[in-house]
Amino acid sequence: MHELSIAESLIDVARQHLPPAAQPRTITVHAGPLRAIEPDAMEWAWRAATEKTEFASTKLDLVELPWRLHCLTCRRDWDADHMNAACACGSTNARPIGGDELQLMSMDVAEAQTTENLK
Amino acid sequence: MKVPIVENVLKINDEMAAMNRRTLQDACVFTIDVIGAPGCGKTALIEATLAACRDDPTRFGVIVGDLATDRDATRLARQCQHVVQINTGKGCHLDANQVRQAVAQIELDAIDVLFIENVGNLICPVGFDLGQDVKVGVFCVAEGDDKAAKHPYLVQEADLLLLNKIDLLPHVPFDLEKLQADVERLNPGVDLLQVSVSDSGLEKWLPWLRDRIAAAISNRASIAQA
C-alpha cells in the first residue's frame, strides 16, 4: 500500500503550488508502470488522505503511462500494454525504457471568490 | 483555471533522502538499503555478514524496519552495538524521514557501514529513496524463479542482487537460467550472486561488500583531502 504514502506526499507537493485561497478541483498525476500504482487503491488512499484537508473534494486524475519497450532484436522502441509484450518483429526480448515516472503534472483550480462576489 | 506544475510527487521524501545522503557521506558511512520479501533472509544475511566480518576493521551499524516488534533488532544486537529498530505500524516501507530519525540515534563516528534493512516487501520500498549509497535486492530460491520478472522496479534499481538459500536449489523447482535471463534483460550487467546464509555460503557476497566498502572509504578520504 505505497499508495497512501504517495497520496500524503502528493498533498504536500500540491499545497506548495496552490494559489492562495483557490479551491483545487482536479489534480493530474502521471505514473509510470514501474511504480506499480493500483488505481482503485490510489483513489481510496487519496480520499482517506485528503479528508479534512483543502483537497477533500478534489478529484484525482491518475494517468497511467504505458510501458515503453526497446526491442533488443530489431532496436525498435514502442508503447505496450505490458512488459512482456512481443515486438512487431516477433521478438519477446525487450527491455523497458523509463517507466518510473511519478509526477504532479497540473492542477485545475477555481479562483478565489472575492468578498465582492460573496455579497 | 489550469495550473501547470510538473513536479516529482515524492519530492519531499527525496529532499530528505538527499539530506540523509549528505549526513552519511560527510561522516564517511557507506550505506546499504537491503530490500527483499518477508522471509527471504534479510536479517539472517546481515547477521551472518556481521559474524563473518567480526575480525575486519570495519565497524557496522544497522537500522531495521518492521511493521511491529523489535525481534530483528534483538537478534542483530547480539552481533552489533549500533542497532536501531523502526516500527512503521501500518507502513509497508521505510521513508527518508524515518531513516533520518533513526540515523540521529546512531553515533556515526563509531561506524563505517550502515545496513538499512527495509520492511519485507518487493514493491513499495523501491520507490522511496532513503539516502543510501547502494540498494541490494534479495531473492531466495524458495520464492520461485519468477520474482525478478514480477518485480521489475527492484531489479532495475538494484546495484546488486542476491539469490539466497541456494543450498535449497536441489529441493525446489527453480530455473536458475530463467531468473538470470530476466535479471539481465531488466538490468544488464548487474551482479546476481548466489548465497546461502545458513551454511555460511557468503564467499561471493563478502568480497563484493569489502571491495565496495574499501572503494567508498578511499573515495571519501580523497575528497576530504582535496
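Which residues, taken from segment A:39-76, are closer than 22 Å to residue A:19 by Cα and touching a strand residue (DSSP E or B) at 6+ places or on another chain (Cβ under 9 Å)?
The answer is A:46, A:47, A:50, A:54, A:55, A:57, A:58, A:59, A:60, A:61, A:62.
Take residue A:26 and tell me if it is hydroxyl-bearing (Ser, Thr, Tyr) and at pLDDT below 95.
On the way: hydroxyl-bearing (Ser, Thr, Tyr): yes; at pLDDT below 95: no.
Considered against the rule, which asks whether it is hydroxyl-bearing (Ser, Thr, Tyr) and at pLDDT below 95, residue A:26 comes out as no.
Sort out for me the strands (runs of 3 or more DSSP E) sitting completely within segment B:1-66 that have 1 or more residues that are within 14 Å of another protein chain (Cβ to nearest Cβ) and touching a residue at least 12 places away in the same chain (Cβ under 8 Å).
B:30-36, B:60-66
I'm trying to understand the selection: among the residues of segment A:35-66, which are within 15 Å of the chain's Cα centre (by Cα), over 24 Å from residue B:4 (Cα atoms) and not charged (D, E, K, R)?
Within segment A:35-66, A:36, A:41, A:44 meet the criteria.
Can you give me the ranges of the strands (runs of 3 or more DSSP E) entirely in segment A:34-119 with at least 2 residues that are among the hydrophobic types (A, V, I, L, M, F, W, C) and touching a helix residue (DSSP H, G or I) at 6+ places or on another chain (Cβ under 6 Å)?
Passing ranges, in order: A:59-64, A:102-110.
Of the conditions (1) among the hydrophobic types (A, V, I, L, M, F, W, C); (2) under 10 Å from the mean Cα position of the chain (by Cα); (3) facing chain B (nearest Cβ under 8 Å), residue A:13 fails just one. Which one is it?
Against the list (1) among the hydrophobic types (A, V, I, L, M, F, W, C); (2) under 10 Å from the mean Cα position of the chain (by Cα); (3) facing chain B (nearest Cβ under 8 Å), residue A:13 comes up short only on (2).
Looking at segment B:112-129, which of the residues that are part of a strand (DSSP E or B) and of a type outside the set (D, E, K, R) is nearest to the other protein chains (Cβ to nearest Cβ)? Steps first, answer last, please.
Filtering segment B:112-129 down to residues part of a strand (DSSP E or B) leaves B:113-117.
Right, trim to of a type outside the set (D, E, K, R) and you get B:113-116.
On the way: B:113: 27, B:114: 22, B:115: 22, B:116: 17 Å.
This residue is B:116.
The values are calculated or read from the model by the stated rules, or taken from the named source; none is laboratory data. Nothing here was measured: the structure is a model prediction, and the numbers come from that model. Backbone-built Cβ (ideal geometry, glycine too); neighbour counts: all protein chains shown.
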